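Heads up, the thing below is written out as structure tokens.
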Amino acid sequence: VMGTFGGINIGAGVTDFMDGFVAGGNYWAKEAGSSVRVLGWNAVTKEGSFTGDFESTDNAKGLTVPMLQEGADVILSVGGPIGGGAYAALQESAAQDYGIGVDVDWCVSAPQYCDVLLTSVLKKIDVSVTAAIERAVKGEAPQAVFVSTLANGGVDMGPFHQFDATVPQALKDGAAALKAKIISGEVKPADYFAAP
């Protein structure tokens, strides 16, 4: 059981994370011949749960606790600082549940939550900034839009930190193989928005 919610539904800047989370769970379910239930987001209808802000850790906690009560094993909170509320709820939970950080490596930026953070989804802003500077140095016109992808290194998955020794190598290998398939175009995440 996977749970996710966002801060404010501003579109792709928030919901792309949630779409990818759902697609990843559905891809795993298909490959493993298992099932996944996602709480808080429907990647097909684009409807789900939002705190209504990007600041209130109390609002985030208020969405996380019911998801944990419904059996969520992992929570993806998409909204910057609100993640602190989600991860505090995970720390207070009697069950062993995990969080996934967004934007930055939360074990580095908020190490007080590292004991419940499996990994983080990274927006590698340095990649787009470097590309813009390189274009300027070469005298090239600015790029209208820079889309960060796995292929250009603009997004990635962070390390497992405290869980590195307990995450099975087969899972690590599977994540690396899936990343390569997404980069090559063999796997299209949008094909996995609906459950298999």
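The values are calculated or read from the model by the stated rules, or taken from the named source; none is laboratory data. Fair warning: this is a prediction, and the values are worked out from it, not measured in the lab. Please note: Cβ atoms are built from the backbone with ideal geometry, for glycine as well, and neighbour counts cover all protein chains shown. To get the accessible areas, we keep the full protein, side chains included, count just its heavy atoms, and leave off ligands, DNA and RNA. Shrake-Rupley method; radii C 1.70, N 1.55, O 1.52, S 1.80 Å.
A few remarks follow.
- Residues within region 1-23 that are farther than 14 Å from ASP53 by Cα, touching a helix residue (DSSP H, G or I) at 6+ places or on another chain (Cβ under 8 Å) and open to solvent by less than 30 Å² (accessible area, probe 1.4 Å), tallied: 6
- Here SER148 qualifies as open to solvent by 40 Å² or more (accessible area, probe 1.4 Å), of a type in the set (S, T, N, Q) and under 25 Å from GLY7 (Cβ atoms).
- Within region 61-72, residues that are among the β-branched types (Val, Ile, Thr) sit with their Cβ atoms under 6 Å from residues that are open to solvent by less than 30 Å² (accessible area, probe 1.4 Å), at 6+ positions apart or across chains, in these pairs: THR64/ILE75; THR64/ALA86; THR64/ALA89; VAL65/ALA89.
- Looking across region 94-127, the residues that are among the polar types (S, T, N, Q) and surrounded by 17 or more Cβ atoms within 10 Å (Cβ to Cβ) come down to THR119, SER120.
- When residues of region 19-28 are limited to those that are at pLDDT 95 or above and over 13 Å from the mean Cα position of the chain (by Cα), the one nearest to LYS188 (Cα to Cα): TYR27
- The residues listed here are GLY48, GLY71; of these, the one that is among the small types (Gly, Ala, Ser), surrounded by fewer than 17 Cβ atoms within 10 Å (Cβ to Cβ) and at pLDDT 95 or above is GLY71.
- Sole exception among (1) surrounded by fewer than 17 Cβ atoms within 10 Å (Cβ to Cβ); (2) modelled with pLDDT under 95 for GLY154, by number: (1)
- Pairs meeting the criteria (first residue in region 181-196 and under 26 Å from LEU39 (Cα atoms) and touching a residue at least 24 places away in the same chain (Cβ under 8 Å), second residue of a type in the set (Lys, Arg) and open to solvent by 70 Å² or more (accessible area, probe 1.4 Å), beta carbons under 6 Å, at least 6 apart or on different chains) are PRO196/LYS30.
- Selection from region 157-178 of residues that are farther than 20 Å from CYS107 by Cβ and open to solvent by less than 50 Å² (accessible area, probe 1.4 Å): GLY174, ALA177, LEU178
- Residues within region 179-191 that are buried (at least 16 other Cβ atoms within 10 Å of the Cβ) and either closer than 23 Å to TYR113 by Cα or under 15 Å from the mean Cα position of the chain (by Cα) (or both), tallied: 1
- Region 140-156 residues that are farther than 19 Å from ASP103 by Cα, paired with ones that are of a type outside the set (S, T, N, Q) and open to solvent by 50 Å² or more (accessible area, probe 1.4 Å) (beta carbon under 8 Å, 6 or more apart): ALA141/ARG135; PRO142/ALA132; PRO142/ARG135; PRO142/ALA136; GLN143/ALA132; GLN143/ARG135
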